[in-house]
1. Please find, among LYS255, LYS245, the residue that is modelled with pLDDT under 85, in a helix (DSSP H, G or I) and more than 19 Å from TYR44 (Cα to Cα).
2. Could you tell me which of the residues ILE120, ILE129, ILE102 is touching a helix residue (DSSP H, G or I) at 6+ places or on another chain (Cβ under 8 Å), without any contact (Cβ under 8 Å) to a residue 60 or more places away in the chain, crowded, with 21+ Cβ neighbours inside 10 Å and hydrophobic (A, V, I, L, M, F, W, C)?
3. Would you say LYS192 is farther than 16 Å from LEU285 by Cβ and at pLDDT 70 or above?
4. Pull up region 62-83, narrow it to residues that are β-branched (Val, Ile, Thr) and under 16 Å from LYS328 (Cβ atoms), then point me to the one that is surrounded by the fewest Cβ atoms within 10 Å (Cβ to Cβ).
5. Pairs needed: first member in region 367-387, in the same structural domain as LEU164 (by TED's automatic domain parsing); second member anywhere, assigned to a loop (DSSP other than H, G, I, E, B) and exposed (fewer than 13 other Cβ atoms within 10 Å of the Cβ); C-beta distance under 6 Å; at least 6 residues apart or different chains.
6. Check ASN163 against each of (1) touching a strand residue (DSSP E or B) at 6+ places or on another chain (Cβ under 7 Å); (2) of a type outside the set (Gly, Ala, Ser); (3) surrounded by fewer than 14 Cβ atoms within 10 Å (Cβ to Cβ) and name the one condition it does not meet.
7. From the list ALA297, ALA284, which one is under 30 Å from LYS187 (Cα atoms) and not assigned by TED's automatic domain parsing to the domain that holds ARG93?
Amino acid sequence: MLDILVVAICIFRCLKNYSFFKEGFQAFKAIGNSSFISILLFLYLIWLFILYIIVKNFLILAIYLAYRIPKKRILKHNTKYEVIDNIDYFRDRFNNITPSEISLLTDLEIETKKDLAASILNLYNKKLISFDNKKKMIIRKDANTDNLKESDKLLYSLLLNNNLNAVSVKEWKNISEKEAVEDGFIKEKGRKKWYGFTDSITTVMKWVGVLFLSGIIGGGYLVTPVGQKLMDKMNTYEELTKDIKDQDVIVDMIKTDKDFRKLTYDIYVESIPVCIVGTFAVIALFALFSMPFYLRARKITYFLVDANDKYERTSEGKVLVEQIVGMKNFIHDFSNLSKSQKDEVILWNDFLVYAVLLEENDKIIKDIFNYKKVDTEVLKLVDSNINIKNI
């Protein structure tokens, strides 16, 4: 959602110059003598618009990428796991392991809304909560919580006292992390070294190399016979249109003058190699000019992103995460399994929790529980009974 928001802001900032692209599209449409060519030239225009967005918003993009790149890198690194037992499918119960611990092992992070819902479903399975005829959550006040782990006890207490808020949920997350450490599944990482892209000097030299190579290739192309013809055609176009201020007049010329239409078409098609090389040059310039802003923002985002990346899996955690991935594979491929394989599984209430934790889509969840005629309405009831707007 944040990616979409940033892209929307960048596009909005460029819309005031939409007339250029509107006029360009009209010209392309006039040039095209077939639907294929019209589509090709329209894609060409989109390409130019994307380059314009990059140039126009290079500062915004540099600052945002300082957050997005390390976030993506950390997520990619933390979701990797070492294959130990070569498990394809795993379908047994995870005994004495909380949903939050399972979530932590998958990507070393607790996703508040999803993991909270799965943990409440786990309390529902243990008969500690239920729902009345009006679909309101009922918390058993006389429930025995001695066998619950500390994070589940805290969550039960928060629900009982209607005290689920940003502060209390943060405490729940901290206890969940502490439990996973005490159970030997994760451990704190050593001290991390701050960095920008990786090494700023090396990165600068790489982009300088890209810019230099783009210039050599582009310049080399323009001195070839094909490039010289392109330059001559561009000069001819400039000479024919230098006194024309209205784009509509040029569009009419394209429609009515066959030679001018061919000239314009040839320029667009023959300049594609130059545009491709130019794209690399523009991106290299973007990287070089935005580097100081990127590194400045990176120092700030370090404390927002990297400082929270403080755990890694222990040897026991590495074994367990492979089983969790095997469970995810089993749930994901449930619809393709044979009837005998499906009948082997009896822990359906646990599987409801696992399916929510492992982020399987609604269709797969529905397929699983319809097979055993299990009511999945509880999923909606949990969501409708928890106010997490401040969490």
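1. LYS255
2. Matching residue, one of ILE120, ILE129, ILE102: ILE129.
3. Details: farther than 16 Å from LEU285 by Cβ: yes; at pLDDT 70 or above: no.
Answer is no for this residue.
4. In the first step, residues of region 62-83 are kept if they are β-branched (Val, Ile, Thr); the result is 63, 69, 74, 79, 83.
Imposing the further condition that a residue be under 16 Å from LYS328 (Cβ atoms) reduces the set to 79, 83.
Values: THR79: 13, VAL83: 9.
Residue satisfying both the conditions and the ranking: VAL83.
5. LEU381/LYS135
6. The single condition ASN163 does not satisfy is (1).
7. The match here is ALA297.
Results for (1) modelled with pLDDT of 90 or more; (2) β-branched (Val, Ile, Thr); (3) assigned by TED's automatic domain parsing to the domain that holds HIS332; (4) assigned to a helix (DSSP H, G or I), shown as yes or no for each residue.
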residue	(1), (2), (3), (4)
SER100	yes, no, yes, yes
THR106	yes, yes, yes, yes
LYS141	no, no, yes, no
THR145	no, yes, yes, no
ASN163	no, no, yes, no
LYS178	yes, no, yes, yes
GLY184	yes, no, yes, no
ILE201	no, yes, no, yes
LYS206	no, no, no, yes
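The values are calculated or read from the model by the stated rules, or taken from the named source; none is laboratory data. Worth saying up front: this structure is predicted, and the values here are computed from it rather than measured. Note that each Cβ is placed from the backbone with ideal geometry, even for glycine, and that neighbours are counted across all protein chains shown.
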